[in-house]
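Below is one structure, written out as structure tokens; comments come after it.
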Amino acid sequence: MKKIFIIYTGGTIGMVEDETGTFIPFDFELIKKNLPDLSRTDYELTVHSFDPIIDSSNMTSEIWLTMVKLIQDNYAEFDGFVILHGSDTMAFTASVLSFLLEGLRKPVILSGSQLPISQIRTDARENMMTALEIASAKHNGESIIQEVCILFDNKLFRGNRSFKYNSAKFEAFRSPNYPVLVEAGIHLKYNLEALLNNTGQTLQYHHALDNRVGVLKLFPGITKESIQAVLNSDVRSIVMETFGSGNTTTAEWFLALLKEAIVQGKNIVNISQCKVGSVELGRYETSQGLKAIGVLNGYDMTFEAAVTKLMYLQGEFEDQKNVAHWVERDIRGELTIND
């Protein structure tokens, strides 16, 4: 029997309509009732349901740490882990778990659906069954997948490379800066060259997050006061979403504000508002000034990965210089350095 541990947090996959027509979270029994095919498989499933069940918009860092503890407590006994999760914040959860679970040798797969499992046209059944199959897949006694992933619409993505881009189609997630890990057709097609291989690494669980992270999203005409509100807030690091390959205004007052925040000890990480491509600090004149004052390069990290990586690093290190050092380095396959 293939032993799979399921963590049911909630989400659309297990929702029902109340008398007003609003979808509300229900329990895992609804999922089992609508998956008769489970009885024909060789999976031995153990389910941990959150109490109360949550909508993913209510996800918190405390819940993330609870998930880590659940995986740690059950790691030795199970072949793989499936987390049923609402799609809205799934990429954040997948990203942060990738940082908190270091040296994984077993799969942790997040999945869910765009329609509840009780509805006729739901995508839940296929997502669920495919996630279970991949979570149990082994080769020569080793799990094929050794990382945190997202399974949606017949594709398996690296969790910290993914983001939700569509709320109206079954194809809810994309990973434009990293290849798809598995495509599910008649057969499961594994992209073996793209998979993480943690053989020889020591499994480590991390149990600290520091969520003092700010976000500065630039736009033409942004005011000095708006920027100061973010830079002067009680945060240790700031994710700055810039234009194109990392460009910003070259106005002296703007660079002076950033430099002042950096001198005061804040880390500023530059990621692009573009979903495809990478930050290239110094390539254009409009980013040379950023590099000169010590803005950090986020390369091709997603917004979700950048925010949660900073939360993880700040939980690990009190020294801001250590946070700055590691945020620019690939630690879980979350970024590509093209220098």
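The values are calculated or read from the model by the stated rules, or taken from the named source; none is laboratory data. Because the structure is predicted, anything quoted here is derived from the model rather than measured. Using ideal geometry, Cβ is built from the backbone for each residue, glycine included, and neighbour counts are taken over all protein chains shown.
Can you confirm whether residue 130 is among the polar types (S, T, N, Q) and either within 12 Å of residue 110 (Cα to Cα) or not assigned by TED's automatic domain parsing to the domain that holds residue 71 (or both)?
yes
Would you check which residues across segment 29-72 are in a helix (DSSP H, G or I), charged (D, E, K, R) and under 24 Å from the mean Cα position of the chain (by Cα) and list them?
62, 69
How many residues does segment 263-306 hold that are over 19 Å from residue 250 (Cβ atoms), surrounded by fewer than 22 Cβ atoms within 10 Å (Cβ to Cβ) and not small (Gly, Ala, Ser)?
The total comes to 7.
Given the condition within 29 Å of residue 204 (Cα to Cα) and not in a loop (DSSP other than H, G, I, E, B), answer yes or no: does some residue in segment 112-124 qualify?
Looking for residues that are within 29 Å of residue 204 (Cα to Cα) and not in a loop (DSSP other than H, G, I, E, B), one finds none in segment 112-124, hence no.
So which residues in segment 253-310 are without any contact (Cβ under 8 Å) to a residue 40 or more places away in the chain, at positive phi and in contact with a helix residue (DSSP H, G or I) (Cβ under 6 Å, 6 or more places away or on another chain), if there are any at all?
282, 294
Any residue at all in segment 149-165 that is of a type in the set (Val, Ile, Thr), buried (at least 18 other Cβ atoms within 10 Å of the Cβ) and closer than 29 Å to residue 311 by Cα?
yes
Can you tell me which residue among 169, 224 is in contact with a helix residue (DSSP H, G or I) (Cβ under 9 Å, 6 or more places away or on another chain) and of a type in the set (Lys, Arg)?
Of the residues listed, the single one that is in contact with a helix residue (DSSP H, G or I) (Cβ under 9 Å, 6 or more places away or on another chain) and of a type in the set (Lys, Arg) is 224.
Quick test of your reading of the structure: residue 140 fulfils all but one of (1) closer than 22 Å to residue 36 by Cα; (2) modelled with pLDDT under 95. Name the failing condition by number.
(1)
Can you find even one residue in segment 46-55 that is crowded, with 20+ Cβ neighbours inside 10 Å and of a type in the set (Val, Ile, Thr)?
There is no residue in segment 46-55 that is crowded, with 20+ Cβ neighbours inside 10 Å and of a type in the set (Val, Ile, Thr).
Name every residue in segment 246-280 that is small (Gly, Ala, Ser) and farther than 21 Å from residue 162 by Cβ, in order of residue number.
246, 251, 256, 261, 265
When you go through (1) part of a helix (DSSP H, G or I); (2) surrounded by 11 or more Cβ atoms within 10 Å (Cβ to Cβ); (3) at pLDDT below 80 one by one for residue 13, which number turns out not to apply?
That leaves (3) as the condition not met.
Filter segment 232-256 down to residues that are in contact with a Leu (Cβ under 6 Å, 6 or more places away or on another chain) and among the aliphatic types (A, V, I, L, M) and give me whichever is farthest from residue 338 (Cα to Cα).
Per the criteria, the residue is 238.
So for segment 183-190 (the condition being surrounded by 13 or more Cβ atoms within 10 Å (Cβ to Cβ) and either assigned by TED's automatic domain parsing to the domain that holds residue 256 or within 22 Å of residue 312 (Cα to Cα) (or both)), does at least one residue qualify?
no
Pick from segment 214-232 the residues that are in a loop (DSSP other than H, G, I, E, B) and surrounded by 13 or more Cβ atoms within 10 Å (Cβ to Cβ): which of them is nearest to the chain's Cα centre (by Cα)?
My answer is 218.
Applying the selection to segment 106-154, what residues are out of contact with any helix residue (DSSP H, G or I) (no Cβ under 9 Å at 6 or more places or on another chain), of a type outside the set (Asp, Glu) and touching a residue at least 12 places away in the same chain (Cβ under 8 Å)?
Once the filter is applied, which keeps residues that are out of contact with any helix residue (DSSP H, G or I) (no Cβ under 9 Å at 6 or more places or on another chain), of a type outside the set (Asp, Glu) and touching a residue at least 12 places away in the same chain (Cβ under 8 Å), segment 106-154 yields 130, 131, 134, 135, 136, 137, 138, 146.
So is residue 92 farther than 14 Å from residue 150 by Cβ, of a type outside the set (Lys, Arg) and crowded, with 18+ Cβ neighbours inside 10 Å or not?
Considered against the rule, which asks whether it is farther than 14 Å from residue 150 by Cβ, of a type outside the set (Lys, Arg) and crowded, with 18+ Cβ neighbours inside 10 Å, residue 92 comes out as no.
Kindly indicate whether residue 167 is under 18 Å from residue 15 (Cα atoms) and assigned by TED's automatic domain parsing to the domain that holds residue 35.
Criteria met by residue 167.
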